[in-house]
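Participant: Got a structure here, written out as C-alpha cells. Questions coming.
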Amino acid sequence: MIKVNIIALGKLKEKYFTAACDEYIKRLKGYCKLEITEIEPVKLSDKPSQGEIEKALEREARLIAAKIPQGSTVFAMCIEGKQLSSEAFAEKIGNACNMGKGMTFIIGSSYGLSEEIKKRADIKMSVSSMTFPHKLFRVMLLEQLYRGFKINEGSAYHK
C-alpha cells in the first residue's frame, strides 16, 4: 500500500474542518497509508517586512525538509504551480503507485513556501488561481486524493 504524507504548516482547530478531514482520512484507509504532519508556522510581527517573511520561510523550509521521506514524490502546493484536472491528478497518483513510490504533499503557511522547497519538489501544483484558507485546502486535497484513487479504480464516485 502506497504511503502518502501531507506536511502542513498550522494545526486544524475548527471542528468542521477536522470532521471533514476525518471523513476523507477514513475513506483513504483502503487506498493508502496516510500520515499528516503539522508544523507550527514561524511567528511573524503584525506587519512583517519582506526580509522577515523570507527568513521565516527559510526556517520553515528546514522543518519541512526534515519531514520529507526519502524516495517520495514531492508535491509543493503553491499558487504558481500547475493546475491539474482530477483525471490528470489521478494519473500522477497512479504513476507513483506503479513505481512503488510514496507521495508527499506540502502545504505552506499563509506566506507560501520557500524557493528551496519549491526547487526540491518533483511537482509544483496549484488547485486554483483563487485563494483559499489553508485549513480548507487540506480538506480539498484529501478529497482530491480520494477522488484520484476512486478514478483509478474505475469507480462511479467521480461521475
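Participant: State, as an integer percentage, the relative contact order of the chain based on alpha-carbon contacts under 8 Å between residues 6 or more apart.
Facilitator: This gives 32 percent for the chain.
Participant: Under a Cβ-only charge scheme (Lys and Arg +1, Asp and Glu -1), can you give me the dipole magnitude of the chain about the Cα centre, in debye to the nearest 20?
Facilitator: With only Lys, Arg, Asp and Glu charged at Cβ, the dipole is about 340 debye.
Participant: Using the Karplus curve 6.51 cos²θ - 1.76 cosθ + 1.60 with θ = phi - 60°, work out ³J(HN,Hα) for each residue of the stretch 58-65 in order, rounded to whole Hz, and write x for Gly and Pro.
Facilitator: 5, 5, 4, 4, 5, 5, 5, 4
Participant: So, one more: Suppose we take every Cα in the stretch 113-159 and form the convex hull; what volume per residue is that in Å³? Numbers along the way, then the final one.
Facilitator: On the way: hull volume 4.8 nm³, N = 47.
Cα-based convex hull of the stretch 113-159, divided per residue, equals 102 Å³.
Participant: Which entries of 26/55; 67/92; 43/118; 15/101 have Cα-Cα distances beyond 30 Å here?
Facilitator: The answer is 26/55; 15/101.
Participant: Could you pull out every residue, at least 5 positions away or on a different chain, whose amide H is within less than 5 Å of the one on residue 37? Hs are placed 1.01 Å off N in the peptide plane, and Pro or chain starts have none.
Facilitator: Long-range HN contacts for residue 37: 6, 7, 8.
Participant: Expressed in whole Å with the largest first, what are the equivalent ellipsoid semi-axes of the chain derived from the C-alpha gyration tensor as the square root of 5 times each eigenvalue?
Facilitator: So the three semi-axes of the chain are 27, 17, 14 Å.
Participant: Once the dipole of the chain is set up with Lys and Arg at +1 and Asp and Glu at -1 on Cβ about the Cα centre, which of 113, 149, 131 lies farthest towards its positive end?
Facilitator: Result: 149.
Participant: What list of ³J(HN,Hα) values in whole Hz, one per residue of the stretch 31-48 in order, does the Karplus curve 6.51 cos²θ - 1.76 cosθ + 1.60 (θ = phi - 60°) give from phi, with Gly and Pro shown as x?
Facilitator: Values per residue, Gly and Pro as x: 10, 7, 9, 9, 10, 10, 10, 9, 10, 5, x, 5, 6, 10, 5, 4, 10, x Hz.
Participant: May I pose another question? Using just the helices of the chain, give the 222 nm mean residue ellipticity in deg cm²/dmol: DSSP H runs with n ≥ 4 each add -39,500 (n - 2.57), and the total is spread over all residues, rounded to 500. Don't skip to the end; give the middle numbers.
Facilitator: Details: 5 runs with 70 residues, N = 159.
Helix-only estimate at 222 nm: -14000 deg cm²/dmol.
Participant: Stokes-Einstein diffusion coefficient for the stretch 19-67 at 4 °C in a medium of 1.567 mPa s, Rh from the Kirkwood formula over Cα pairs: what value in µm²/s?
Facilitator: 97 µm²/s
Participant: Taking a quarter of the surface of the Cα convex hull of the stretch 10-91, what do you get in nm²?
Facilitator: Answer in nm², one decimal: 7.8.
Participant: Explain nothing, just the number: dipole magnitude of the stretch 38-89 about its Cα centre with +1 on each Lys and Arg Cβ and -1 on each Asp and Glu Cβ, in debye rounded to the nearest 20.
Facilitator: 140 debye
Participant: For the stretch 69-159, just the Cα atoms, rotate onto the principal axes and tell me the three extents in Å, largest first.
Facilitator: The Cα atoms of the stretch 69-159 stretch 37, 30, 19 Å along the principal axes, largest first.
Participant: Moving on. For the stretch 118-126, take each phi angle, set θ = phi - 60°, evaluate the Karplus expression 6.51 cos²θ - 1.76 cosθ + 1.60, and give the result in whole Hz per residue in order, putting x for glycine and proline.
Facilitator: Coupling constants for the stretch 118-126: 4, 5, 6, 5, 7, 9, 9, 10, 10 Hz.
None of the figures in this text is laboratory data; all of them are computed from the coordinates on show. Bear in mind that the values here come from a model prediction, so they are computed numbers and not experimental data. Backbone-built Cβ (ideal geometry, glycine too); neighbour counts: all protein chains shown.
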